[in-house]
Amino acid sequence: MSSHVLPDTEVLARYEAVIGLEVHVQLATRSKIYCACPTSFGDPPNTNVCPVCLGLPGALPVLNRAAVEMAMKAAMALNCRIRPVSRLARKNYFYPDLPKGYQISQYDEPLAEHGYIEVTSGGSRRRIGITRIHLEDDAGKSLHEGFSDSSRYTYVDLNRSGTPLIEIVSEPDIRTSEEAYEYLTALKQVLQYIGVSTCDMEKGHLRCDANVSVRPRGETKFGTKAEVKNLNSFRFLKQALDYEISRQVSLIESGEEVIQETRLYDPDTGETVGMRSKEHAHDYRYFPEPDLLPLTISDEWRERVRAEMPELPAQKRARFIETYGLREYDAQVLTATRELSEYFERVAEVSGDARAAANWVMGDLAAALNAEGKEISESPVSAEQLGELVALISKGEISGKMAKDIFQKMLATGESARAIVEREGLRQISDTGELEALINQVLEQHPRQVEQYRSGKTQVLGYLVGQVMKASRGQANPAAVNKLLRAKLG
Amino acid sequence: MTLALEIPKLTIGSIREGLLKRRFSATELTREALRFAEAENPKTNAYLHFCPERALSAARSVDEKLARGEDPGLLAGVPVAVKDVIVTKGVRTTAASKMLADYIPPYDATAVECLDAAGAVILGKTNCDEFAMGSSNENSAFGPVRNPVDPERVPGGSSGGSAAAVAQGTAVVSLGSDTGGSVRQPASFCGVVGLTPTYGRVSRYGLIAFASSLDHIGVVARNVSDTATLLQVIAGRDERDSTSAAVPVPDYMAALNGGVRGMKIGLPREYFKDPDSETSKLVLDGVEVLKRLGCEVREISMPHTEYAVAAYYIICTAEASSNLARYDGVRYTFRSRDSETLADMYRNTRGEGFGAECKRRIMLGTYVLSAGYYDAYYLKAQKVRTLIARDFTEAFREVDALIAPVSPFPAFKLGEKLDDPMQMYLSDIYTITASLAGVPCMSVPCGVTSGGLPVGMQILTRHFDEAGMLRLAYAFERNRA
């Protein structure tokens with residue numbers, strides 16, 4: 001298939017994209033949504049199954065309360081209104097890895113609606129509307145490759161069948177691929193924060209489809225949309241959207257029409273390809289699931305779940321600025337993940353110096369982890385250990401420069417800061433008597449500089465401080481040296 | 001050993017007495033019951049297959065309990081037949097369909113677990129209309145069932161095998177399923193008692209679904225007392241069926257002996273449009289018996305009755321089209337050979353695996369749920385269903401029970417209505433209203449026609465008032481004649 005001649009940026013700039021995302025998120029429950037089978041990943045095929053998730057004749061679903069509560073938390077975090085009564089509905093279609101011949105999803109009465117999430121894109125903050133959040137079960141997996149007779153047979157693994165999902169549908173509020181990227185990032189951040197999903201895209205815990213259309217800037221009507229599937233990494237999402245937007249603009253520019261269809265993103269070519277219309281001409285014949293009662297969420301249940309909600313990233317950001325006096329940017333960085341924010345808070349708590357804690361976490365620690373390709377949860381230096389190091393600086397027991405060396409040793413050995421300080425005798429000298437002796441020695445050795453200072457060339461002070469530090473082999477407290485020197489030189 | 005002669009006359013009570021007095025062991029009884037049933041079965045084709053190993057193992061366990069002096073359970077040693085739409089662990093369960101001809105379930109339905117726990121001995125699985133779709137038992141992939149009263153006639157359906165086995169004496173009691181009359185109508189045709197409890201009273205877990213919002217497990221017995229005992233055993237909340245109700249189960253056997261004097265009974269005039277028919281007359285004769293017992297009888301109206309057949313056949317086919325989607329040739333079902341593509345495999349498997357009636361209902365149901373027709377059919381039918389349920393609520397403000405015919409006519413001849421599905425659907429007219437409303441209902445024999453064919457009288461009561469219904473049926477059974 002030949003690719004389109006894609007339009008140049010000038011042409012593209014005359015158009016605006018309208019994008020809505022449908023995101024499937026696997027909930028982090030231990031058991032499946034309609035039965036008690038475990039949701040664990042990577043077990044031998046067809047071992048985590050029972051009559052219910054195998055769709056055996058006579059088996060009936062029972063809704064998992066934990067899945068409902070996680071979906072409620074997601075709804076609350078995304079500012080949605082939770083329906084007091086929602087309904088499960090059957091979505092009927094045939095597929096070999098769909099053992100019941102239908103998914104138990106939600107249709108016209110979803111769990112939650114009318115929400116939004118705030119997204120920072122291009123330096124400004126925008127609200128992206130959330131149309132709805134609904135619960136459903138996942139299908140199994142068709143394995144088309146990897147068996148000696150794969151040319152003739154498809155194998156089906158039903159371990160994933162019945163895994164709980166929520167589908168989060170956005171309003172068509174997204175205008176650029178960057179914004180889509182930021183939306184998905186923000187969504188992932190929030191869902192991980194509240195612990196309802198790992199959002200691990202590689203494991204398929206977060207899957208994304210997009211509805212994309214374009215229109216000339218200033219136009220208020222929507223253009224014809226295409227649904228783009230298989231956007232299963234952040235990189236693919238951006239690439240696919242950029243390609244699709246360009247493709248649609250070029251069609252319109254050349255006087256052709258965009259047709260409403262489902263297109264599949266091919267990561268190898270970076271293009272989207274239309275699927276044969278037959279494959280997506282579905283009439284799902286939704287109807288209310290007769291095997292399950294309407295899902296009734298009482299005020300009491302909802303408020304109990306709300307009380308369990310952890311602090312959300314935006315709330316935490318605000319609190320960090322307010323409580324610790326952090327800058328907006330620092331607060332943003334330190335709340336990127338729940339783990340990082342908790343690590344920082346622990347360091348701040350142990351050290352009693354939040355600003356220094358922030359600098360260390362974002363500076364030396366982040367650099368060290370980046371160099372090793374490690375996550376905060378894998379840090380060789382615990383929050384308590386780093387807190388102790390920062391405390392030693394704040395109390396003046398070691399200098400910042402010494403701390404950097406000590407930190408490198410902590411990374412390498414896992415030892416505590418205090419243990420290293422004591423073993424190597426790395427105490428900072430703050431004692432006035434000791435420092436005065438050193439200062440006197442330096443002043444005797446540098447009469448010319450003393451003369452210069454006294455005649456008004458006060459900038460020579462820095463040189464003298466440096467000499468004192470050198471004499472102390474770096475262990476003198478620079479602030480104290482500074483103060484004492486000034487006093488001595490009058 | 002003269003047990004063989006007694007088999008068709010056994011009751012739950014007589015078996016209990018025989019076991020406790022050591023006149024026979026459960027194992028002896030089971031061997032004899034199996035021998036008798038296997039010998040008699042060719043006359044009716046009521047059983048599709050027997051499960052002697054499971055039966056004898058259940059019997060042995062009863063004998064061991066008796067030997068240890070333990071309570072062997074309410075149904076100890078009782079030979080039971082189970083409709084083949086109710087799954088039985090390790091015992092082939094076919095739903096009378098080619099699609100499941102070789103299907104052996106890995107689990108027991110909840111009702112079957114209850115039977116086991118009560119010491120019942122399941123002899124085998126009974127024939128029925130394929131996936132319980134039919135009113136004559138002629139839609140079985142394994143041949144029709146013949147009515148033990150007259151082998152030229154149908155036993156009714158879809159639980160034809162369960163009713164015929166009990167009437168024939170090859171089982172003492174049986175489990176059936178009722179979606180639109182499938183327990184009551186065959187019970188009426190075969191001259192036995194058939195009861196369908198309130199929707200939610202008995203767990204549907206393990207009942208192969210035809211139309212989930214209408215499906216009930218029901219019971220068949222030769223008398224009201226055995227009916228009550230069997231219901232006692234299977235009734236109750238089941239965590240595995242979200243639609244089962246957490247309503248306490250009363251003592252149904254104890255409830256039988258309460259009086260019926262002063263009970264208010266309604267005769268819905270829409271159910272007696274043909275008062276001169278033999279069926280109507282026999283039912284009205286039955287009503288006279290109840291009057292003699294002190295019941296107050298009045299005519300009432302259930303104005304939405306005439307829309308019930310249409311609403312029922314939209315809702316049940318819609319649900320069936322979805323419930324039967326899982327029979328696709330991928331896993332445990334029959335699979336058509338030599339299909340080139342996945343779509344072919346689906347088409348060929350379902351084309352060859354399902355019988356005509358199943359296909360008709362799948363197509364109807366697919367149609368009424370499809371885009372553009374949903375509101376006109378499915379949604380409209382649900383509204384009618386609400387109105388029909390309201391008819392019952394209104395009626396039960398005035399009366400304690402309703403009496404009606406079960407079927408407009410007695411057992412008809414094999415093949416007589418087979419080519420006219422519409423006629424067949426219309427014959428469900430008196431039974432499907434209760435199915436739509438979910439109220440308990442039963443058929444009690446109330447006489448025979450001039451041609452010697454049994455006729456059942458239908459009793460319907462308020463939701464979860466099976467006790468009141470059984471009491472009325474018991475009083476009627478003891479005082480008719």
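The values are calculated or read from the model by the stated rules, or taken from the named source; none is laboratory data. Predicted model only: the values in this text are computed from it and were never measured. Cβ placement follows ideal geometry from the backbone for every residue including glycine, while neighbour counts extend to all protein chains displayed.
Can you name the number of the only condition in (1) within 14 Å of another protein chain (Cβ to nearest Cβ); (2) within 19 Å of B:SER213 (Cα to Cα) that B:TYR373 fails?
Failed condition: (2).
Conditions tested, residue by residue: (1) more than 14 Å from chain B (Cβ to nearest Cβ); (2) touching a strand residue (DSSP E or B) at 6+ places or on another chain (Cβ under 8 Å).
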residue: A:GLY255; (1), (2): yes, no
residue: A:GLY270; (1), (2): yes, no
residue: A:GLY274; (1), (2): yes, yes
residue: A:LEU293; (1), (2): no, no
residue: A:GLU308; (1), (2): yes, no
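Tell me whether segment A:9-17 contains one or more residues that are assigned to a loop (DSSP other than H, G, I, E, B) and either in contact with a Ser or Thr (Cβ under 7 Å, 6 or more places away or on another chain) or crowded, with 20+ Cβ neighbours inside 10 Å (or both).
No, that holds for no residue.
In this structure, is A:LEU295 touching a residue at least 24 places away in the same chain (Cβ under 8 Å), surrounded by 16 or more Cβ atoms within 10 Å (Cβ to Cβ), in the same structural domain as A:ASN64 (by TED's automatic domain parsing) and at negative phi?
Yes: the conditions hold for A:LEU295.
Out of contact with any strand residue (DSSP E or B) (no Cβ under 6 Å at 6 or more places or on another chain), free of Cβ contacts under 8 Å to residues at least 60 places away in the same chain and under 27 Å from B:ASP129 (Cβ atoms) - does that describe any residue in segment B:263-272?
Scanning segment B:263-272, I find at least one residue that is out of contact with any strand residue (DSSP E or B) (no Cβ under 6 Å at 6 or more places or on another chain), free of Cβ contacts under 8 Å to residues at least 60 places away in the same chain and under 27 Å from B:ASP129 (Cβ atoms), so the answer is yes.
May I ask you to list the residues in segment B:235-254 that are acidic (Asp, Glu) and either surrounded by fewer than 19 Cβ atoms within 10 Å (Cβ to Cβ) or without any contact (Cβ under 8 Å) to a residue 24 or more places away in the chain (or both)?
B:GLU239, B:ASP251, listed by residue number.
Taking segment B:329-383 on its own, how many of its residues are in contact with a helix residue (DSSP H, G or I) (Cβ under 7 Å, 6 or more places away or on another chain), closer than 24 Å to A:SER151 by Cα and among the small types (Gly, Ala, Ser)?
Total satisfying the criteria: 3.
If I filter segment A:142-158 for residues that are crowded, with 18+ Cβ neighbours inside 10 Å, of a type in the set (Gly, Ala, Ser) and in contact with a strand residue (DSSP E or B) (Cβ under 8 Å, 6 or more places away or on another chain), do I get at least one hit?
Within segment A:142-158, none of the residues are crowded, with 18+ Cβ neighbours inside 10 Å, of a type in the set (Gly, Ala, Ser) and in contact with a strand residue (DSSP E or B) (Cβ under 8 Å, 6 or more places away or on another chain).
If A:VAL273 satisfies every condition in (1) buried (at least 18 other Cβ atoms within 10 Å of the Cβ); (2) touching a residue at least 60 places away in the same chain (Cβ under 8 Å) but one, which is the exception?
(1)
Suppose we filter A:GLU415, A:GLU451 for residues that are of a type in the set (Asp, Glu) and either closer than 14 Å to A:LYS488 by Cβ or in a helix (DSSP H, G or I) (or both); which single one remains?
Among A:GLU415, A:GLU451, only A:GLU451 is of a type in the set (Asp, Glu) and either closer than 14 Å to A:LYS488 by Cβ or in a helix (DSSP H, G or I) (or both).
For segment B:428-457, give me the residue count where each residue is of a type in the set (Ser, Thr, Tyr) and over 16 Å from the mean Cα position of the chain (by Cα).
Number satisfying all stated conditions: 2.
Test each condition in (1) within 14 Å of chain B (Cβ to nearest Cβ); (2) assigned to a loop (DSSP other than H, G, I, E, B) for A:ALA28 and report the one that comes out false.
Unmet condition: (1).
For segment A:152-249, give me every one of the strands (runs of 3 or more DSSP E) that falls completely inside it and has 3 or more residues that are in the same structural domain as A:PRO45 (by TED's automatic domain parsing) and in contact with a Gly (Cβ under 7 Å, 6 or more places away or on another chain).
Answer list for segment A:152-249: A:206-216.
Could you tell me whether segment B:456-477 includes any residue that is surrounded by 20 or more Cβ atoms within 10 Å (Cβ to Cβ) and more than 28 Å from B:VAL202 (Cα to Cα)?
Checked segment B:456-477: no residue is surrounded by 20 or more Cβ atoms within 10 Å (Cβ to Cβ) and more than 28 Å from B:VAL202 (Cα to Cα).
Which one of these does B:LYS98 not meet: (1) farther than 21 Å from B:GLY157 by Cα; (2) touching a Gly at 6+ places or on another chain (Cβ under 8 Å); (3) surrounded by fewer than 21 Cβ atoms within 10 Å (Cβ to Cβ)?
Result: B:LYS98 fails condition (1) only.
Inside segment A:453-463, can you point out the residues that are free of Cβ contacts under 8 Å to residues at least 24 places away in the same chain and surrounded by 17 or more Cβ atoms within 10 Å (Cβ to Cβ)?
A:VAL460
Give the number of residues within segment B:358-378 that are in a helix (DSSP H, G or I) and either modelled with pLDDT under 95 or of a type in the set (Gly, Ala, Ser) (or both).
The qualifying residues number 3.
Confirm whether B:TYR252 is aromatic (Phe, Trp, Tyr) and touching a Pro at 6+ places or on another chain (Cβ under 9 Å).
It is false that B:TYR252 is aromatic (Phe, Trp, Tyr) and touching a Pro at 6+ places or on another chain (Cβ under 9 Å).
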